[in-house]
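The values are calculated or read from the model by the stated rules, or taken from the named source; none is laboratory data. Quantities reported herein were computed from a predicted structural model and do not represent experimental measurements. Cβ: placed from backbone, ideal geometry, glycine included. Neighbour counts: every protein chain shown. Ligands, DNA and RNA are excluded from the accessible area calculation, which covers all protein heavy atoms including side chains. Shrake-Rupley method; radii C 1.70, N 1.55, O 1.52, S 1.80 Å.
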Amino acid sequence: DDLQTELSTLQGRIAELQTQLSTIQEQNVTYLGQNVSYFLDENVSLSALYKQVKESVVIVRGILVQYDLFRRPYYTQIQGSGFAYNFTTQDVIVTNYHVVQNAINITITFANGDGYAATVLGSDPFEDLAVLSADAPPSEWKPLAIASSSTLEVGDPVIAVGNPYGLAGSMTTGMVSALGRTITEDITGGYPIASVIQTSAPINPGNSGGPLLSYRGQVVGITTAIVSDSQGLGFAIPSSTILREIESLVKKGSYDQHSSLGATGTDMTYEIAKAMGTNVTYGWLVATAPTETGLRGGTKQALISGNVVTSGGDIVIAINGTRIKNIDDLSSYLEENTLPDQIVNL
(Lines give C-alpha, C1' and ligand atoms only; values in the text may rest on other atoms or scores of the structure.)
Protein backbone atom coordinates (compact mmCIF):
# COMPACT_ATOMS: atom_id res chain seq x y z
CA ASP A 1 0.00 0.00 0.00
CA ASP A 2 2.86 2.40 0.89
CA LEU A 3 4.62 1.68 -2.41
CA GLN A 4 1.37 2.20 -4.33
CA THR A 5 0.88 5.55 -2.59
CA GLU A 6 4.46 6.62 -3.47
CA LEU A 7 3.94 5.51 -7.07
CA SER A 8 0.75 7.56 -7.35
CA THR A 9 2.55 10.59 -5.92
CA LEU A 10 5.40 10.22 -8.43
CA GLN A 11 2.95 9.84 -11.31
CA GLY A 12 1.26 13.05 -10.24
CA ARG A 13 4.60 14.88 -10.16
CA ILE A 14 5.48 13.55 -13.62
CA ALA A 15 2.19 14.84 -14.96
CA GLU A 16 2.92 18.28 -13.45
CA LEU A 17 6.41 18.33 -15.00
CA GLN A 18 5.02 17.33 -18.39
CA THR A 19 2.56 20.22 -18.20
CA GLN A 20 5.35 22.65 -17.27
CA LEU A 21 7.56 21.33 -20.10
CA SER A 22 4.77 21.79 -22.62
CA THR A 23 4.30 25.38 -21.45
CA ILE A 24 8.03 26.11 -21.78
CA GLN A 25 8.14 24.57 -25.25
CA GLU A 26 5.21 26.70 -26.35
CA GLN A 27 6.94 29.84 -25.07
CA ASN A 28 10.46 29.21 -26.39
CA VAL A 29 10.07 27.09 -29.50
CA THR A 30 8.50 28.06 -32.80
CA TYR A 31 7.64 25.15 -35.10
CA LEU A 32 8.05 25.82 -38.79
CA GLY A 33 7.11 22.55 -40.54
CA GLN A 34 9.88 20.07 -39.66
CA ASN A 35 12.29 22.79 -38.44
CA VAL A 36 12.61 23.99 -34.85
CA SER A 37 14.03 27.42 -34.03
CA TYR A 38 15.02 28.17 -30.43
CA PHE A 39 14.35 31.68 -29.15
CA LEU A 40 15.60 32.72 -25.73
CA ASP A 41 15.82 36.04 -23.87
CA GLU A 42 14.58 38.99 -25.90
CA ASN A 43 13.76 36.74 -28.88
CA VAL A 44 17.41 35.86 -29.51
CA SER A 45 17.75 32.98 -31.96
CA LEU A 46 20.58 30.67 -30.93
CA SER A 47 21.08 29.46 -34.50
CA ALA A 48 21.31 33.06 -35.76
CA LEU A 49 23.73 33.95 -32.97
CA TYR A 50 25.91 30.95 -33.85
CA LYS A 51 26.04 32.02 -37.50
CA GLN A 52 26.99 35.50 -36.34
CA VAL A 53 30.04 34.41 -34.30
CA LYS A 54 31.26 31.08 -35.76
CA GLU A 55 33.62 32.68 -38.29
CA SER A 56 35.33 34.58 -35.47
CA VAL A 57 36.36 31.41 -33.58
CA VAL A 58 39.54 29.63 -34.64
CA ILE A 59 41.32 26.36 -33.90
CA VAL A 60 44.76 26.89 -32.33
CA ARG A 61 47.29 24.10 -32.88
CA GLY A 62 50.93 23.66 -31.99
CA ILE A 63 53.66 21.12 -31.40
CA LEU A 64 54.96 20.30 -27.93
CA VAL A 65 58.48 18.87 -27.72
CA GLN A 66 59.01 16.48 -24.81
CA TYR A 67 61.78 14.08 -23.83
CA ASP A 68 61.77 10.50 -22.61
CA LEU A 69 63.99 9.00 -19.91
CA PHE A 70 66.86 8.72 -22.38
CA ARG A 71 66.52 12.41 -23.40
CA ARG A 72 65.16 11.43 -26.78
CA PRO A 73 62.66 13.97 -28.12
CA TYR A 74 59.11 13.04 -29.01
CA TYR A 75 56.37 15.30 -30.30
CA THR A 76 52.72 15.75 -29.37
CA GLN A 77 50.13 18.06 -30.86
CA ILE A 78 48.30 20.52 -28.66
CA GLN A 79 44.98 22.00 -29.65
CA GLY A 80 42.63 24.61 -28.33
CA SER A 81 40.42 27.49 -29.38
CA GLY A 82 40.75 31.22 -29.81
CA PHE A 83 38.82 34.16 -31.21
CA ALA A 84 39.55 37.16 -33.39
CA TYR A 85 39.74 40.60 -31.80
CA ASN A 86 40.73 43.99 -33.16
CA PHE A 87 42.95 46.01 -30.84
CA THR A 88 43.44 49.57 -32.09
CA THR A 89 43.31 48.46 -35.75
CA GLN A 90 45.55 45.43 -35.14
CA ASP A 91 43.90 42.03 -35.65
CA VAL A 92 44.90 39.46 -33.02
CA ILE A 93 43.79 36.10 -31.67
CA VAL A 94 42.97 35.82 -27.96
CA THR A 95 43.39 32.40 -26.33
CA ASN A 96 44.54 30.71 -23.11
CA TYR A 97 48.19 30.67 -22.11
CA HIS A 98 48.14 26.95 -21.38
CA VAL A 99 47.02 26.26 -24.97
CA VAL A 100 50.29 27.63 -26.39
CA GLN A 101 52.60 27.11 -23.42
CA ASN A 102 56.02 25.91 -24.65
CA ALA A 103 54.53 25.16 -28.09
CA ILE A 104 56.31 25.54 -31.41
CA ASN A 105 54.94 25.73 -34.97
CA ILE A 106 51.72 27.37 -33.80
CA THR A 107 48.95 27.69 -36.38
CA ILE A 108 45.39 28.99 -36.45
CA THR A 109 42.58 27.65 -38.61
CA PHE A 110 39.47 29.66 -39.40
CA ALA A 111 35.96 28.21 -39.72
CA ASN A 112 36.31 28.02 -43.52
CA GLY A 113 39.32 25.71 -43.17
CA ASP A 114 41.99 28.27 -44.09
CA GLY A 115 45.07 27.91 -41.88
CA TYR A 116 47.94 30.31 -41.14
CA ALA A 117 51.13 30.41 -39.11
CA ALA A 118 50.85 32.28 -35.81
CA THR A 119 53.21 33.66 -33.20
CA VAL A 120 52.72 34.61 -29.55
CA LEU A 121 52.62 38.39 -29.13
CA GLY A 122 52.24 38.29 -25.36
CA SER A 123 51.17 36.04 -22.52
CA ASP A 124 50.23 36.10 -18.86
CA PRO A 125 50.36 32.71 -17.12
CA PHE A 126 48.93 34.24 -13.93
CA GLU A 127 45.61 34.86 -15.71
CA ASP A 128 45.98 32.06 -18.31
CA LEU A 129 45.91 34.56 -21.18
CA ALA A 130 47.80 34.74 -24.47
CA VAL A 131 47.52 36.95 -27.55
CA LEU A 132 48.65 35.71 -30.99
CA SER A 133 49.36 37.39 -34.29
CA ALA A 134 48.85 35.64 -37.63
CA ASP A 135 49.69 36.38 -41.26
CA ALA A 136 46.08 35.97 -42.43
CA PRO A 137 44.73 38.49 -44.96
CA PRO A 138 42.18 41.10 -43.83
CA SER A 139 39.32 39.18 -45.44
CA GLU A 140 39.70 36.34 -42.91
CA TRP A 141 39.29 38.47 -39.82
CA LYS A 142 35.83 38.71 -38.25
CA PRO A 143 36.65 40.27 -34.86
CA LEU A 144 34.30 39.95 -31.91
CA ALA A 145 33.38 42.78 -29.56
CA ILE A 146 34.46 42.45 -25.93
CA ALA A 147 32.10 43.75 -23.24
CA SER A 148 33.07 44.26 -19.62
CA SER A 149 32.20 41.29 -17.43
CA SER A 150 31.66 43.63 -14.46
CA THR A 151 27.95 43.79 -15.30
CA LEU A 152 27.47 40.00 -15.23
CA GLU A 153 25.16 38.55 -12.61
CA VAL A 154 24.52 35.01 -11.45
CA GLY A 155 21.74 33.61 -13.61
CA ASP A 156 22.71 35.48 -16.78
CA PRO A 157 22.59 33.17 -19.84
CA VAL A 158 25.88 32.58 -21.68
CA ILE A 159 27.11 30.68 -24.72
CA ALA A 160 30.47 28.96 -25.24
CA VAL A 161 31.79 28.37 -28.76
CA GLY A 162 34.94 26.34 -29.34
CA ASN A 163 36.49 23.12 -30.53
CA PRO A 164 36.12 20.50 -27.76
CA TYR A 165 38.08 17.33 -28.52
CA GLY A 166 38.82 18.76 -31.97
CA LEU A 167 35.12 19.03 -32.89
CA ALA A 168 35.32 22.39 -34.62
CA GLY A 169 32.62 25.02 -34.19
CA SER A 170 30.75 23.45 -31.27
CA MET A 171 28.33 25.56 -29.23
CA THR A 172 27.05 24.95 -25.72
CA THR A 173 24.71 27.05 -23.61
CA GLY A 174 24.36 27.61 -19.90
CA MET A 175 24.21 30.36 -17.34
CA VAL A 176 26.53 32.13 -14.95
CA SER A 177 26.41 29.94 -11.86
CA ALA A 178 28.93 31.88 -9.73
CA LEU A 179 31.23 34.90 -9.91
CA GLY A 180 34.54 35.73 -8.26
CA ARG A 181 35.82 32.18 -8.10
CA THR A 182 39.52 31.52 -7.50
CA ILE A 183 41.34 28.63 -9.17
CA THR A 184 44.96 27.55 -8.85
CA GLU A 185 46.81 25.33 -11.31
CA ASP A 186 50.38 24.26 -12.05
CA ILE A 187 50.94 26.88 -14.77
CA THR A 188 50.63 29.70 -12.22
CA GLY A 189 53.16 28.26 -9.78
CA GLY A 190 50.55 28.36 -7.03
CA TYR A 191 49.43 31.92 -7.76
CA PRO A 192 45.61 32.09 -7.66
CA ILE A 193 43.72 33.03 -10.83
CA ALA A 194 41.18 35.48 -9.43
CA SER A 195 37.67 36.65 -10.36
CA VAL A 196 36.97 33.57 -12.47
CA ILE A 197 33.46 33.11 -13.90
CA GLN A 198 31.80 29.76 -13.16
CA THR A 199 29.19 28.59 -15.65
CA SER A 200 26.90 25.64 -16.24
CA ALA A 201 27.99 25.52 -19.91
CA PRO A 202 30.09 22.33 -20.35
CA ILE A 203 33.76 23.13 -21.04
CA ASN A 204 35.99 20.32 -22.32
CA PRO A 205 39.59 20.02 -23.57
CA GLY A 206 39.77 21.90 -26.86
CA ASN A 207 37.27 24.52 -25.66
CA SER A 208 40.10 26.35 -23.90
CA GLY A 209 40.65 29.83 -25.30
CA GLY A 210 37.25 30.09 -26.97
CA PRO A 211 34.84 32.93 -26.23
CA LEU A 212 32.16 32.93 -23.57
CA LEU A 213 29.44 35.08 -25.07
CA SER A 214 26.40 37.01 -23.94
CA TYR A 215 23.17 36.70 -25.91
CA ARG A 216 24.20 39.87 -27.72
CA GLY A 217 27.21 38.08 -29.18
CA GLN A 218 29.70 40.02 -27.07
CA VAL A 219 32.64 38.31 -25.36
CA VAL A 220 32.27 38.28 -21.56
CA GLY A 221 34.96 35.70 -20.85
CA ILE A 222 37.56 33.25 -22.22
CA THR A 223 36.65 29.66 -21.45
CA THR A 224 39.29 27.46 -19.86
CA ALA A 225 39.38 23.70 -19.35
CA ILE A 226 42.39 23.99 -17.08
CA VAL A 227 40.47 22.68 -14.05
CA SER A 228 40.54 18.89 -14.20
CA ASP A 229 37.59 16.82 -12.94
CA SER A 230 35.33 19.87 -12.81
CA GLN A 231 32.28 17.57 -13.10
CA GLY A 232 30.21 19.61 -15.53
CA LEU A 233 31.22 23.04 -14.26
CA GLY A 234 32.71 25.47 -16.72
CA PHE A 235 35.19 28.23 -15.91
CA ALA A 236 36.12 31.37 -17.82
CA ILE A 237 38.63 34.18 -17.39
CA PRO A 238 36.54 37.38 -17.16
CA SER A 239 36.56 39.77 -20.11
CA SER A 240 37.41 42.66 -17.78
CA THR A 241 40.79 40.99 -17.31
CA ILE A 242 41.36 40.95 -21.08
CA LEU A 243 40.42 44.63 -21.37
CA ARG A 244 42.79 45.49 -18.52
CA GLU A 245 45.74 43.53 -19.93
CA ILE A 246 45.38 43.54 -23.72
CA GLU A 247 47.46 46.69 -24.34
CA SER A 248 50.35 45.45 -22.23
CA LEU A 249 50.24 41.97 -23.80
CA VAL A 250 50.28 43.34 -27.35
CA LYS A 251 52.85 46.11 -26.83
CA LYS A 252 55.10 44.66 -24.11
CA GLY A 253 54.53 40.92 -24.44
CA SER A 254 53.63 40.49 -20.78
CA TYR A 255 51.62 41.89 -17.87
CA ASP A 256 53.31 42.60 -14.56
CA GLN A 257 50.67 44.44 -12.52
CA HIS A 258 49.39 41.53 -10.42
CA SER A 259 49.49 42.25 -6.70
CA SER A 260 49.80 39.69 -3.93
CA LEU A 261 50.26 39.59 -0.17
CA GLY A 262 52.82 36.82 -0.58
CA ALA A 263 51.04 34.95 2.21
CA THR A 264 49.58 31.47 2.48
CA GLY A 265 46.51 30.50 4.41
CA THR A 266 43.12 28.83 4.49
CA ASP A 267 39.47 29.85 4.60
CA MET A 268 37.95 30.15 8.05
CA THR A 269 35.14 27.78 9.04
CA TYR A 270 32.99 27.25 12.10
CA GLU A 271 35.10 24.21 13.03
CA ILE A 272 38.39 26.13 12.81
CA ALA A 273 36.94 29.02 14.79
CA LYS A 274 35.75 26.66 17.51
CA ALA A 275 39.15 24.98 17.73
CA MET A 276 40.90 28.38 17.95
CA GLY A 277 38.49 29.72 20.54
CA THR A 278 37.25 32.63 18.42
CA ASN A 279 33.77 33.65 17.33
CA VAL A 280 35.01 34.78 13.87
CA THR A 281 33.79 32.11 11.44
CA TYR A 282 34.58 33.93 8.17
CA GLY A 283 37.70 35.44 6.62
CA TRP A 284 41.10 34.08 5.63
CA LEU A 285 43.38 32.52 8.24
CA VAL A 286 47.06 33.39 7.63
CA ALA A 287 49.46 30.45 7.83
CA THR A 288 52.69 32.13 6.62
CA ALA A 289 53.47 35.69 5.57
CA PRO A 290 56.52 37.86 4.79
CA THR A 291 57.45 40.05 7.76
CA GLU A 292 57.17 43.26 5.71
CA THR A 293 53.42 42.74 5.28
CA GLY A 294 52.80 43.19 8.99
CA LEU A 295 50.78 39.95 9.00
CA ARG A 296 51.33 37.33 11.69
CA GLY A 297 51.55 33.72 10.56
CA GLY A 298 50.39 30.60 12.35
CA THR A 299 52.11 29.18 15.43
CA LYS A 300 50.89 25.58 15.59
CA GLN A 301 49.27 22.85 13.56
CA ALA A 302 46.09 21.03 14.47
CA LEU A 303 43.92 18.33 12.91
CA ILE A 304 40.51 19.94 12.36
CA SER A 305 37.70 18.06 10.58
CA GLY A 306 40.23 15.70 9.04
CA ASN A 307 42.50 18.47 7.70
CA VAL A 308 45.81 19.74 9.08
CA VAL A 309 45.36 23.47 9.74
CA THR A 310 48.06 25.95 10.74
CA SER A 311 46.33 28.06 13.39
CA GLY A 312 47.23 30.95 15.64
CA GLY A 313 47.80 33.49 12.86
CA ASP A 314 45.92 36.62 11.89
CA ILE A 315 42.48 36.34 10.32
CA VAL A 316 41.96 38.76 7.43
CA ILE A 317 38.31 39.84 7.55
CA ALA A 318 38.47 43.03 5.44
CA ILE A 319 40.67 45.00 3.01
CA ASN A 320 40.21 48.77 2.99
CA GLY A 321 36.85 48.26 4.68
CA THR A 322 35.60 45.64 2.19
CA ARG A 323 34.45 42.43 3.87
CA ILE A 324 36.58 39.37 3.02
CA LYS A 325 34.81 36.05 3.53
CA ASN A 326 37.33 33.72 1.88
CA ILE A 327 40.22 33.40 -0.58
CA ASP A 328 37.84 34.17 -3.48
CA ASP A 329 37.07 37.59 -2.02
CA LEU A 330 40.71 38.22 -1.12
CA SER A 331 42.13 37.33 -4.53
CA SER A 332 39.41 39.18 -6.44
CA TYR A 333 39.86 42.36 -4.42
CA LEU A 334 43.64 42.38 -4.86
CA GLU A 335 43.39 41.72 -8.62
CA GLU A 336 40.66 44.24 -9.36
CA ASN A 337 41.43 47.06 -6.94
CA THR A 338 45.16 47.12 -6.16
CA LEU A 339 48.58 47.38 -7.82
CA PRO A 340 52.01 46.17 -6.68
CA ASP A 341 53.59 48.30 -3.91
CA GLN A 342 50.24 49.84 -3.02
CA ILE A 343 49.52 50.13 0.71
CA VAL A 344 46.24 48.62 1.93
CA ASN A 345 44.55 48.40 5.32
CA LEU A 346 43.89 44.84 6.51
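Report summary: the helix-based calculation at 222 nm, which adds -39500 (n - 2.57) for every DSSP H run with n ≥ 4 and divides by the residues of the chain, gives -6000 deg cm²/dmol. Taking 6, 335, 292 and ordering them by how much accessible surface each has at a 1.4 Å probe, largest first, produces 292, 6, 335.
Segment 228-323: D in µm²/s via Stokes-Einstein (Kirkwood Rh, Cα pairs, 37 °C, 0.692 mPa s)? Stokes-Einstein gives a translational diffusion coefficient of 202 µm²/s.
Of the cross-linked pairs 51/142; 274/300; 300/325; 51/251, those separated by over 21 Å at the C-alpha level are 300/325; 51/251. Solvent-accessible surface of protein heavy atoms, probed at 1.4 angstrom with all chains present, puts 128, 156, 256 in the order 256, 156, 128, largest first. For the residues 136, 287, 275, a GNM of the chain with alpha-carbon springs under 10 Å puts the largest fluctuation on 275. Note on the chain: with a GNM built from Cα contacts shorter than 10 Å, the maximum mean-square fluctuation among 234, 62, 265 falls on 265. With the charge dipole of the chain set up from +1 on Lys and Arg Cβ and -1 on Asp and Glu Cβ about the Cα centre, the Cα lying farthest toward the positive end among the listed residues 291, 88, 63 is that of 63. When a 1.4 Å probe is rolled over the protein heavy atoms, the share of accessible surface on segment 72-195 that falls to carbon and sulfur comes to 52 percent.
Taken per residue, the accessible surface of segment 246-346 reaches 58 Å², heavy atoms only and a 1.4 Å probe. Each of 159, 282, 235 was scored by the projection of its Cα onto the charge dipole of the chain, and the greatest displacement toward the positive side belongs to 235; charges sit on the C-beta of Lys, Arg, Asp and Glu.
In the chain, Cα pairs under 8 Å separated by at least six residues give a relative contact order of 12 percent. Mean projected area of the convex hull spanned by the Cα atoms of segment 40-192, taken over all viewing directions: 11.2 nm².
Here the dipole of the chain is about 520 debye; that uses its Cα centre as origin and unit charges on the Cβ of Lys and Arg (positive) and Asp and Glu (negative). The modelled label-to-label distance between residue 90 and residue 200, using points 7 Å beyond Cα along the C-beta direction, is 4.0 nm.
Here each label is just a point 7 Å from Cα along the line to Cβ, and for residue 218 and residue 275 those points are 4.6 nm apart. In the context of the full set of protein chains, residues of segment 115-218 present 39 Å² of accessible surface per residue (probe radius 1.4 Å, heavy atoms only).
What's the FRET efficiency of residue 248 with residue 184 using the Cβ-Cβ distance as r and R₀ = 30 Å, to the nearest 0.05? After rounding, the FRET efficiency stands at 0.85. Here the extension length gained between residue 11 and residue 302 equals 99.6 nm, from 0.36 nm per residue of separation less the Cα-Cα distance. Remark: the chain is approximated by an ellipsoid whose semi-axes, taken from the C-alpha gyration tensor as √(5λ), come to 37, 33, 20 Å, largest first. Per residue, the accessible area of segment 59-100 comes to 53 Å² when a 1.4 Å probe rolls over the protein heavy atoms. A protection proxy built from the mean count of other Cβ atoms within 10 Å ranks the segments 142-149, 237-244, 109-116, most packed first, as 237-244, 142-149, 109-116.
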